[in-house]
1. Restricting attention to the range 220-257, report how many residues are in a loop (DSSP other than H, G, I, E, B) and either exposed (fewer than 15 other Cβ atoms within 10 Å of the Cβ) or not assigned by TED's automatic domain parsing to the domain that holds residue 373 (or both).
2. Could you name every one of the strands (runs of 3 or more DSSP E) located completely within the range 76-187 that has at least 1 residues being farther than 22 Å from residue 58 by Cα?
3. Could you say which residue among 109, 105, 91 is more than 28 Å from residue 24 (Cβ to Cβ) and within 23 Å of the chain's Cα centre (by Cα)?
4. Is it fair to say residue 341 is assigned to a loop (DSSP other than H, G, I, E, B), within 14 Å of the ligand (Cβ to nearest atom) and buried (at least 19 other Cβ atoms within 10 Å of the Cβ)?
5. Determine which single condition residue 263 fails, assuming it passes every other condition in (1) at pLDDT below 85; (2) surrounded by 13 or more Cβ atoms within 10 Å (Cβ to Cβ).
6. Just wondering, is there one or more residues in the range 331-338 that are within 16 Å of the ligand (Cβ to nearest atom), part of a loop (DSSP other than H, G, I, E, B), modelled with pLDDT of 75 or more and more than 30 Å from residue 269 (Cα to Cα)?
7. Would you please list the contacts, defined by Cβ atoms under 6 Å and residues six or more apart or on different chains, that run from a residue in the range 345-358 that is free of Cβ contacts under 8 Å to residues at least 12 places away in the same chain to a residue that is within 14 Å of the ligand (Cβ to nearest atom) and not in a loop (DSSP other than H, G, I, E, B)?
8. Looking at 89, 145, 96, can you tell me which residue is of a type outside the set (Gly, Ala, Ser), closer than 14 Å to residue 175 by Cα and surrounded by 17 or more Cβ atoms within 10 Å (Cβ to Cβ)?
Amino acid sequence: MAVMIQAYRFALDPTRRQQRALASHCGAARSAYNWGLELVKTRLDERQADPTVIVPWSLPELRREWNHAKQQIAPWWPENSKETYASGLDGLARALKNWSDSKSGRRKGRPINFPRFKKKGRARDACRFTTGAIKVLGDRKHIQLPRIGVVKTHESTRKLARRLEHGTARILAATISRTADRWFVSFTVEAERHVPASNGKRTVVGVDAGIRHLAVLSNGVVIANPRSLEHQLRTLRRLNRKLARCQPGSKRRNQTRRKLARIHARAANIRNDVLHKLTAALVTEHGTVVVEHLNLAWLVRNRHVARALTDVGLAELRRQLTYKTTWYGSRLVVADRFYPSSKMCSACGWVKAKLTLAERTFACEGCGHRSDRDLNAARNLARLAQHVAQSGWETRNARGADRKTQPAGQVAMKREAGTERRSGRTGTAASQDVAAWTVEPPLGRSPLR
Ligand SMILES: [Zn+2]
(Lines give C-alpha, C1' and ligand atoms only; values in the text may rest on other atoms or scores of the structure.)
Protein backbone atom coordinates (compact mmCIF):
# COMPACT_ATOMS: atom_id res chain seq x y z
CA MET A 1 0.00 0.00 0.00
CA ALA A 2 1.21 3.44 -0.82
CA VAL A 3 -0.21 6.80 0.08
CA MET A 4 -0.78 9.02 -2.91
CA ILE A 5 -2.22 12.38 -3.62
CA GLN A 6 -5.02 12.09 -6.10
CA ALA A 7 -7.67 14.37 -7.49
CA TYR A 8 -11.33 13.57 -8.06
CA ARG A 9 -13.13 16.07 -10.20
CA PHE A 10 -16.88 16.30 -10.63
CA ALA A 11 -19.07 18.55 -12.70
CA LEU A 12 -21.55 20.39 -10.52
CA ASP A 13 -25.22 21.07 -11.12
CA PRO A 14 -25.78 24.12 -8.91
CA THR A 15 -29.03 26.02 -8.47
CA ARG A 16 -29.19 29.65 -9.57
CA ARG A 17 -28.53 30.80 -6.02
CA GLN A 18 -25.58 28.45 -5.72
CA GLN A 19 -24.18 29.61 -9.04
CA ARG A 20 -24.16 33.13 -7.66
CA ALA A 21 -22.49 31.91 -4.46
CA LEU A 22 -19.83 30.03 -6.42
CA ALA A 23 -19.12 33.08 -8.58
CA SER A 24 -19.05 35.29 -5.51
CA HIS A 25 -16.45 33.06 -3.84
CA CYS A 26 -14.22 33.07 -6.91
CA GLY A 27 -14.61 36.82 -7.21
CA ALA A 28 -13.69 37.24 -3.56
CA ALA A 29 -10.54 35.17 -4.04
CA ARG A 30 -9.61 37.31 -7.01
CA SER A 31 -10.26 40.53 -5.14
CA ALA A 32 -8.12 39.41 -2.17
CA TYR A 33 -5.35 38.57 -4.63
CA ASN A 34 -5.59 41.95 -6.32
CA TRP A 35 -5.76 43.79 -3.02
CA GLY A 36 -2.65 41.98 -1.78
CA LEU A 37 -0.77 42.70 -5.00
CA GLU A 38 -1.65 46.39 -4.80
CA LEU A 39 -0.38 46.44 -1.21
CA VAL A 40 2.86 44.72 -2.12
CA LYS A 41 3.46 47.17 -4.95
CA THR A 42 2.79 50.19 -2.75
CA ARG A 43 5.05 48.88 0.00
CA LEU A 44 7.81 48.15 -2.50
CA ASP A 45 7.61 51.76 -3.70
CA GLU A 46 7.62 53.06 -0.14
CA ARG A 47 10.65 51.00 0.65
CA GLN A 48 12.57 52.89 -2.01
CA ALA A 49 12.40 55.93 0.26
CA ASP A 50 12.42 54.17 3.60
CA PRO A 51 14.27 50.85 3.84
CA THR A 52 12.52 49.95 7.13
CA VAL A 53 9.15 49.49 5.41
CA ILE A 54 8.07 45.86 5.65
CA VAL A 55 6.70 44.26 2.50
CA PRO A 56 4.34 41.33 3.15
CA TRP A 57 5.55 38.43 1.06
CA SER A 58 4.47 35.12 2.59
CA LEU A 59 0.92 33.85 3.11
CA PRO A 60 0.90 34.41 6.90
CA GLU A 61 2.15 37.97 6.41
CA LEU A 62 -0.42 38.68 3.72
CA ARG A 63 -3.21 37.18 5.81
CA ARG A 64 -2.26 39.31 8.78
CA GLU A 65 -2.45 42.44 6.62
CA TRP A 66 -5.74 41.31 5.16
CA ASN A 67 -7.32 40.68 8.54
CA HIS A 68 -6.33 44.18 9.62
CA ALA A 69 -7.74 45.80 6.53
CA LYS A 70 -10.75 43.70 5.51
CA GLN A 71 -13.35 45.58 7.54
CA GLN A 72 -12.34 48.77 5.79
CA ILE A 73 -11.78 47.67 2.25
CA ALA A 74 -14.18 44.73 2.00
CA PRO A 75 -17.00 45.20 4.49
CA TRP A 76 -18.88 42.47 2.62
CA TRP A 77 -16.28 39.88 3.57
CA PRO A 78 -18.56 37.78 5.84
CA GLU A 79 -20.67 36.92 2.77
CA ASN A 80 -18.07 34.42 1.65
CA SER A 81 -16.14 31.74 3.44
CA LYS A 82 -12.88 33.06 4.92
CA GLU A 83 -11.15 30.28 3.01
CA THR A 84 -11.72 32.10 -0.22
CA TYR A 85 -9.62 35.11 0.82
CA ALA A 86 -6.88 32.81 2.05
CA SER A 87 -7.04 31.03 -1.30
CA GLY A 88 -6.52 34.28 -3.23
CA LEU A 89 -3.69 35.43 -0.97
CA ASP A 90 -2.11 31.99 -1.19
CA GLY A 91 -2.05 32.32 -4.97
CA LEU A 92 -0.35 35.67 -4.60
CA ALA A 93 2.25 34.39 -2.13
CA ARG A 94 3.11 31.62 -4.57
CA ALA A 95 3.35 34.01 -7.49
CA LEU A 96 5.65 36.30 -5.51
CA LYS A 97 7.81 33.39 -4.48
CA ASN A 98 8.01 32.11 -8.05
CA TRP A 99 9.12 35.51 -9.18
CA SER A 100 11.82 35.95 -6.52
CA ASP A 101 13.03 32.36 -6.95
CA SER A 102 13.23 32.83 -10.69
CA LYS A 103 15.12 36.09 -10.27
CA SER A 104 17.64 34.60 -7.87
CA GLY A 105 18.14 31.50 -10.02
CA ARG A 106 16.58 29.10 -7.51
CA ARG A 107 13.84 28.27 -9.98
CA LYS A 108 14.71 26.67 -13.28
CA GLY A 109 12.99 27.27 -16.57
CA ARG A 110 11.93 30.44 -18.29
CA PRO A 111 11.99 33.70 -16.29
CA ILE A 112 8.82 34.38 -14.34
CA ASN A 113 7.31 37.86 -14.54
CA PHE A 114 6.19 39.84 -11.54
CA PRO A 115 2.57 38.91 -10.67
CA ARG A 116 -0.10 40.85 -12.48
CA PHE A 117 -3.60 41.84 -11.51
CA LYS A 118 -6.34 39.35 -12.27
CA LYS A 119 -9.06 40.72 -14.45
CA LYS A 120 -12.65 39.62 -14.13
CA GLY A 121 -13.65 37.49 -17.09
CA ARG A 122 -10.07 36.85 -18.13
CA ALA A 123 -8.59 35.22 -15.07
CA ARG A 124 -9.63 31.67 -14.32
CA ASP A 125 -12.41 31.53 -11.78
CA ALA A 126 -11.25 29.25 -9.01
CA CYS A 127 -11.19 29.09 -5.27
CA ARG A 128 -9.97 26.51 -2.80
CA PHE A 129 -11.31 25.30 0.52
CA THR A 130 -9.05 23.48 2.94
CA THR A 131 -11.11 23.48 6.12
CA GLY A 132 -14.75 23.46 7.11
CA ALA A 133 -17.58 21.24 5.98
CA ILE A 134 -16.13 19.59 2.87
CA LYS A 135 -18.07 16.40 2.29
CA VAL A 136 -19.15 13.86 -0.27
CA LEU A 137 -22.67 12.90 0.69
CA GLY A 138 -23.81 9.31 1.03
CA ASP A 139 -26.37 9.48 -1.77
CA ARG A 140 -23.41 9.92 -4.16
CA LYS A 141 -25.19 12.70 -5.97
CA HIS A 142 -24.31 15.64 -3.75
CA ILE A 143 -21.27 17.28 -2.23
CA GLN A 144 -21.03 19.83 0.54
CA LEU A 145 -18.86 22.92 0.65
CA PRO A 146 -18.42 25.53 3.36
CA ARG A 147 -20.85 28.42 3.00
CA ILE A 148 -22.10 27.24 -0.38
CA GLY A 149 -23.83 24.22 1.12
CA VAL A 150 -25.03 21.00 -0.50
CA VAL A 151 -24.58 21.05 -4.27
CA LYS A 152 -25.84 18.44 -6.70
CA THR A 153 -23.29 16.80 -8.97
CA HIS A 154 -23.89 15.88 -12.60
CA GLU A 155 -22.11 12.56 -12.29
CA SER A 156 -22.04 10.00 -9.52
CA THR A 157 -19.37 10.52 -6.89
CA ARG A 158 -19.28 6.75 -6.38
CA LYS A 159 -15.55 6.28 -6.91
CA LEU A 160 -14.56 8.75 -4.27
CA ALA A 161 -17.47 8.03 -1.93
CA ARG A 162 -16.54 4.36 -1.83
CA ARG A 163 -12.99 5.16 -0.83
CA LEU A 164 -14.12 7.57 1.84
CA GLU A 165 -16.55 5.00 3.25
CA HIS A 166 -13.82 2.37 3.38
CA GLY A 167 -11.44 4.79 5.01
CA THR A 168 -8.83 4.51 2.25
CA ALA A 169 -9.03 8.18 1.37
CA ARG A 170 -9.05 11.50 3.16
CA ILE A 171 -10.07 14.82 1.62
CA LEU A 172 -7.40 17.49 1.98
CA ALA A 173 -8.96 20.27 -0.05
CA ALA A 174 -11.72 21.12 -2.49
CA THR A 175 -11.23 23.52 -5.37
CA ILE A 176 -14.16 24.98 -7.23
CA SER A 177 -13.55 26.26 -10.73
CA ARG A 178 -15.43 27.30 -13.82
CA THR A 179 -14.73 26.12 -17.35
CA ALA A 180 -16.92 27.71 -20.00
CA ASP A 181 -20.31 27.85 -18.28
CA ARG A 182 -19.85 24.81 -16.12
CA TRP A 183 -18.78 24.57 -12.51
CA PHE A 184 -16.52 21.83 -11.22
CA VAL A 185 -15.27 20.69 -7.89
CA SER A 186 -11.92 18.99 -7.59
CA PHE A 187 -11.15 17.14 -4.39
CA THR A 188 -7.52 16.74 -3.48
CA VAL A 189 -7.40 13.43 -1.72
CA GLU A 190 -4.80 11.48 0.14
CA ALA A 191 -5.52 7.93 -0.95
CA GLU A 192 -4.11 4.58 -0.01
CA ARG A 193 -3.54 2.52 -3.10
CA HIS A 194 -2.31 -0.96 -3.62
CA VAL A 195 0.79 -0.64 -5.79
CA PRO A 196 1.50 -3.83 -7.70
CA ALA A 197 5.17 -4.64 -8.25
CA SER A 198 4.44 -5.81 -11.78
CA ASN A 199 1.49 -6.26 -14.09
CA GLY A 200 2.82 -9.59 -15.24
CA LYS A 201 3.46 -8.43 -18.81
CA ARG A 202 6.90 -8.68 -20.36
CA THR A 203 6.29 -6.75 -23.55
CA VAL A 204 7.90 -3.43 -24.34
CA VAL A 205 6.07 -0.81 -26.34
CA GLY A 206 7.57 2.35 -27.81
CA VAL A 207 5.19 5.27 -28.19
CA ASP A 208 5.83 8.03 -30.68
CA ALA A 209 3.26 10.68 -29.87
CA GLY A 210 2.84 13.19 -32.59
CA ILE A 211 0.88 15.66 -34.56
CA ARG A 212 -0.36 13.71 -37.55
CA HIS A 213 -1.53 10.83 -35.39
CA LEU A 214 -2.20 10.81 -31.72
CA ALA A 215 0.40 8.08 -31.36
CA VAL A 216 2.24 5.40 -33.30
CA LEU A 217 3.23 2.29 -31.37
CA SER A 218 6.30 0.18 -32.06
CA ASN A 219 4.05 -2.82 -32.79
CA GLY A 220 2.63 -0.95 -35.76
CA VAL A 221 -0.63 0.17 -34.20
CA VAL A 222 -1.59 3.69 -35.20
CA ILE A 223 -3.90 5.65 -32.93
CA ALA A 224 -5.49 8.35 -35.04
CA ASN A 225 -6.46 11.73 -33.80
CA PRO A 226 -10.15 11.67 -32.98
CA ARG A 227 -12.35 12.91 -35.83
CA SER A 228 -14.67 14.64 -33.44
CA LEU A 229 -11.75 16.80 -32.37
CA GLU A 230 -11.04 17.80 -35.96
CA HIS A 231 -14.69 18.70 -36.26
CA GLN A 232 -14.53 20.85 -33.13
CA LEU A 233 -11.45 22.60 -34.46
CA ARG A 234 -13.28 23.52 -37.66
CA THR A 235 -16.14 24.94 -35.62
CA LEU A 236 -13.61 26.86 -33.55
CA ARG A 237 -12.12 28.48 -36.61
CA ARG A 238 -15.55 29.49 -37.88
CA LEU A 239 -16.59 30.99 -34.54
CA ASN A 240 -13.32 32.84 -34.20
CA ARG A 241 -13.96 34.53 -37.53
CA LYS A 242 -17.44 35.40 -36.38
CA LEU A 243 -16.11 36.82 -33.13
CA ALA A 244 -13.69 39.03 -35.01
CA ARG A 245 -16.59 40.54 -36.96
CA CYS A 246 -18.68 41.26 -33.86
CA GLN A 247 -19.03 44.74 -32.44
CA PRO A 248 -16.81 45.02 -29.34
CA GLY A 249 -18.85 44.99 -26.16
CA SER A 250 -22.02 43.85 -27.94
CA LYS A 251 -24.45 41.23 -26.73
CA ARG A 252 -23.83 39.09 -29.82
CA ARG A 253 -20.11 39.16 -29.21
CA ASN A 254 -20.61 37.96 -25.68
CA GLN A 255 -22.81 35.13 -26.95
CA THR A 256 -20.19 34.08 -29.46
CA ARG A 257 -17.48 34.26 -26.85
CA ARG A 258 -19.38 31.93 -24.55
CA LYS A 259 -20.09 29.57 -27.40
CA LEU A 260 -16.38 29.52 -28.23
CA ALA A 261 -15.52 28.73 -24.63
CA ARG A 262 -17.92 25.78 -24.68
CA ILE A 263 -16.41 24.40 -27.89
CA HIS A 264 -12.92 24.77 -26.45
CA ALA A 265 -14.03 22.88 -23.36
CA ARG A 266 -15.61 20.18 -25.50
CA ALA A 267 -12.46 19.78 -27.60
CA ALA A 268 -10.43 19.44 -24.40
CA ASN A 269 -12.85 16.81 -23.10
CA ILE A 270 -12.63 14.74 -26.26
CA ARG A 271 -8.84 14.90 -26.23
CA ASN A 272 -8.69 13.92 -22.59
CA ASP A 273 -11.04 11.02 -23.07
CA VAL A 274 -8.95 9.59 -25.90
CA LEU A 275 -5.72 10.13 -23.98
CA HIS A 276 -7.06 8.40 -20.88
CA LYS A 277 -8.19 5.39 -22.89
CA LEU A 278 -4.85 5.18 -24.69
CA THR A 279 -2.69 5.47 -21.59
CA ALA A 280 -4.84 2.99 -19.67
CA ALA A 281 -4.48 0.46 -22.49
CA LEU A 282 -0.72 1.01 -22.75
CA VAL A 283 0.01 0.45 -19.07
CA THR A 284 -2.23 -2.58 -18.68
CA GLU A 285 -1.25 -4.38 -21.87
CA HIS A 286 2.51 -3.86 -21.69
CA GLY A 287 5.20 -4.31 -19.08
CA THR A 288 7.31 -1.36 -20.18
CA VAL A 289 6.26 1.80 -21.98
CA VAL A 290 8.95 3.94 -23.59
CA VAL A 291 8.32 7.55 -24.55
CA GLU A 292 10.55 10.24 -25.82
CA HIS A 293 11.69 13.23 -23.88
CA LEU A 294 10.37 16.37 -25.47
CA ASN A 295 11.35 19.82 -24.48
CA LEU A 296 7.86 21.17 -24.89
CA ALA A 297 8.60 24.72 -23.85
CA TRP A 298 11.00 24.94 -26.75
CA LEU A 299 8.81 23.17 -29.29
CA VAL A 300 5.75 25.26 -28.61
CA ARG A 301 7.72 28.35 -29.55
CA ASN A 302 7.84 27.07 -33.09
CA ARG A 303 4.47 28.49 -34.10
CA HIS A 304 3.88 26.14 -37.01
CA VAL A 305 3.59 23.13 -34.81
CA ALA A 306 2.47 24.91 -31.65
CA ARG A 307 -1.29 24.54 -31.94
CA ALA A 308 -1.12 20.98 -33.07
CA LEU A 309 1.40 20.02 -30.41
CA THR A 310 -0.38 21.55 -27.49
CA ASP A 311 -3.56 20.02 -28.86
CA VAL A 312 -2.32 16.52 -28.83
CA GLY A 313 -1.33 17.14 -25.28
CA LEU A 314 1.99 15.37 -25.22
CA ALA A 315 2.70 16.62 -21.76
CA GLU A 316 -0.64 15.27 -20.66
CA LEU A 317 0.11 11.92 -22.24
CA ARG A 318 3.30 11.67 -20.29
CA ARG A 319 1.77 12.86 -17.08
CA GLN A 320 -0.89 10.16 -17.33
CA LEU A 321 1.64 7.49 -18.21
CA THR A 322 3.73 8.46 -15.22
CA TYR A 323 1.07 7.88 -12.63
CA LYS A 324 -0.72 5.05 -14.39
CA THR A 325 2.44 2.96 -14.72
CA THR A 326 2.68 3.27 -10.93
CA TRP A 327 -0.94 2.29 -10.42
CA TYR A 328 -0.85 -0.74 -12.67
CA GLY A 329 2.66 -2.02 -12.01
CA SER A 330 4.21 -1.36 -15.39
CA ARG A 331 7.34 0.64 -16.03
CA LEU A 332 7.86 3.93 -17.81
CA VAL A 333 11.13 4.74 -19.54
CA VAL A 334 11.69 8.25 -20.79
CA ALA A 335 14.35 8.53 -23.45
CA ASP A 336 16.98 11.14 -22.95
CA ARG A 337 16.45 14.25 -25.03
CA PHE A 338 19.58 13.42 -27.03
CA TYR A 339 18.42 9.93 -27.95
CA PRO A 340 18.02 10.09 -31.75
CA SER A 341 14.71 8.22 -31.92
CA SER A 342 13.67 9.80 -35.22
CA LYS A 343 17.04 9.98 -36.92
CA MET A 344 18.20 6.44 -36.22
CA CYS A 345 17.47 3.40 -38.38
CA SER A 346 15.46 0.92 -36.35
CA ALA A 347 16.89 -1.96 -38.41
CA CYS A 348 20.64 -1.33 -38.30
CA GLY A 349 21.24 1.62 -36.00
CA TRP A 350 22.65 3.96 -38.61
CA VAL A 351 22.02 7.61 -37.68
CA LYS A 352 20.97 10.16 -40.25
CA ALA A 353 22.63 13.55 -39.88
CA LYS A 354 19.58 15.61 -40.62
CA LEU A 355 15.92 14.75 -40.84
CA THR A 356 13.45 17.48 -41.70
CA LEU A 357 9.92 17.53 -40.34
CA ALA A 358 8.63 17.18 -43.90
CA GLU A 359 10.26 13.79 -44.43
CA ARG A 360 7.50 11.35 -43.61
CA THR A 361 9.44 8.23 -44.55
CA PHE A 362 12.69 7.21 -42.99
CA ALA A 363 15.07 5.86 -45.64
CA CYS A 364 18.23 4.28 -44.26
CA GLU A 365 21.42 4.92 -46.23
CA GLY A 366 23.14 2.16 -44.29
CA CYS A 367 20.98 -0.88 -45.00
CA GLY A 368 18.29 0.48 -47.31
CA HIS A 369 15.51 -0.08 -44.78
CA ARG A 370 12.49 2.13 -45.33
CA SER A 371 9.67 2.74 -42.93
CA ASP A 372 7.19 5.31 -41.80
CA ARG A 373 8.96 8.02 -39.84
CA ASP A 374 6.82 7.71 -36.72
CA LEU A 375 6.87 3.93 -36.71
CA ASN A 376 10.66 4.01 -37.03
CA ALA A 377 10.85 6.32 -34.02
CA ALA A 378 8.51 4.15 -31.98
CA ARG A 379 10.63 1.07 -32.75
CA ASN A 380 13.77 2.88 -31.66
CA LEU A 381 12.13 3.80 -28.40
CA ALA A 382 11.13 0.19 -27.77
CA ARG A 383 14.72 -0.85 -28.51
CA LEU A 384 15.97 1.58 -25.92
CA ALA A 385 14.10 -0.29 -23.20
CA GLN A 386 15.91 -3.48 -24.15
CA HIS A 387 19.28 -1.74 -23.88
CA VAL A 388 18.32 -0.26 -20.60
CA ALA A 389 17.09 -3.59 -19.26
CA GLN A 390 20.51 -5.09 -19.91
CA SER A 391 22.56 -2.31 -18.41
CA GLY A 392 20.42 -1.45 -15.42
CA TRP A 393 17.68 1.11 -15.24
CA GLU A 394 19.75 4.04 -14.14
CA THR A 395 21.70 4.75 -17.29
CA ARG A 396 22.30 7.94 -19.14
CA ASN A 397 19.73 7.12 -21.74
CA ALA A 398 16.89 6.39 -19.47
CA ARG A 399 15.65 8.55 -16.78
CA GLY A 400 13.67 5.93 -14.96
CA ALA A 401 10.38 7.48 -14.15
CA ASP A 402 10.35 4.41 -12.07
CA ARG A 403 7.82 3.78 -9.37
CA LYS A 404 10.31 1.77 -7.33
CA THR A 405 12.12 4.89 -6.33
CA GLN A 406 9.31 6.47 -4.39
CA PRO A 407 5.82 5.12 -4.32
CA ALA A 408 4.70 7.25 -1.40
CA GLY A 409 3.81 10.74 -2.35
CA GLN A 410 3.44 10.51 -6.08
CA VAL A 411 1.06 12.88 -7.68
CA ALA A 412 -1.68 11.40 -9.76
CA MET A 413 -3.45 14.56 -10.61
CA LYS A 414 -3.25 17.73 -12.49
CA ARG A 415 -2.41 19.96 -9.62
CA GLU A 416 -4.82 22.74 -8.91
CA ALA A 417 -2.81 25.81 -8.07
CA GLY A 418 -2.13 25.82 -4.41
CA THR A 419 -3.27 22.32 -3.53
CA GLU A 420 0.25 21.29 -2.83
CA ARG A 421 0.81 21.14 0.83
CA ARG A 422 4.36 22.22 1.42
CA SER A 423 4.58 25.92 0.90
CA GLY A 424 8.30 25.75 0.18
CA ARG A 425 7.82 24.29 -3.28
CA THR A 426 6.27 25.91 -6.24
CA GLY A 427 3.94 24.34 -8.74
CA THR A 428 5.50 22.77 -11.77
CA ALA A 429 5.27 24.20 -15.21
CA ALA A 430 4.66 21.97 -18.17
CA SER A 431 8.07 22.87 -19.49
CA GLN A 432 9.87 20.98 -16.80
CA ASP A 433 10.73 17.37 -17.13
CA VAL A 434 8.70 14.45 -15.99
CA ALA A 435 10.57 14.04 -12.76
CA ALA A 436 9.10 17.32 -11.66
CA TRP A 437 5.62 15.87 -12.02
CA THR A 438 6.24 12.70 -10.17
CA VAL A 439 7.92 13.68 -6.98
CA GLU A 440 5.74 15.19 -4.36
CA PRO A 441 7.25 16.57 -1.16
CA PRO A 442 6.63 14.54 1.98
CA LEU A 443 3.23 14.94 3.51
CA GLY A 444 3.17 17.84 5.86
CA ARG A 445 0.77 20.29 7.33
CA SER A 446 -1.10 22.64 5.11
CA PRO A 447 0.17 26.20 5.26
CA LEU A 448 -3.44 27.19 5.84
CA ARG A 449 -4.02 24.98 8.83
ZN1 LIG B 1 19.53 0.79 -41.56
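1. So the first thing to find is which residues in the range 220-257 are in a loop (DSSP other than H, G, I, E, B), and the list is 220-221, 224-226, 246-250.
Narrowing further to those that are either exposed (fewer than 15 other Cβ atoms within 10 Å of the Cβ) or not assigned by TED's automatic domain parsing to the domain that holds residue 373 (or both): 220-221, 224, 247-250.
Total satisfying the criteria: 7.
2. Values: elements: 126-129, 142-145, 149-153, 169-179.
Fully inside the range 76-187 and qualifying: 142-145, 149-153, 169-179.
3. Details: 105 fails: within 23 Å of the chain's Cα centre (by Cα); 91 fails: more than 28 Å from residue 24 (Cβ to Cβ).
The match here is 109.
4. Working: assigned to a loop (DSSP other than H, G, I, E, B): yes; within 14 Å of the ligand (Cβ to nearest atom): no; buried (at least 19 other Cβ atoms within 10 Å of the Cβ): yes.
Judged against the criteria, residue 341 is not a match.
5. (1)
6. Here is the first cut: in the range 331-338, the ones within 16 Å of the ligand (Cβ to nearest atom) are none.
No, there is no match, as no residue in the range 331-338 is within 16 Å of the ligand (Cβ to nearest atom), part of a loop (DSSP other than H, G, I, E, B), modelled with pLDDT of 75 or more and more than 30 Å from residue 269 (Cα to Cα).
7. Partner pairs satisfying both residue conditions: 351/344.
8. Details: 89 fails: closer than 14 Å to residue 175 by Cα; 96 fails: closer than 14 Å to residue 175 by Cα.
That would be 145, the only listed residue that is of a type outside the set (Gly, Ala, Ser), closer than 14 Å to residue 175 by Cα and surrounded by 17 or more Cβ atoms within 10 Å (Cβ to Cβ).
The values are calculated or read from the model by the stated rules, or taken from the named source; none is laboratory data. Fair warning: this is a prediction, and the values are worked out from it, not measured in the lab. Because the Cβ atoms are built from the backbone with ideal geometry, glycine has one as well, and the counts that use them run over all protein chains shown.
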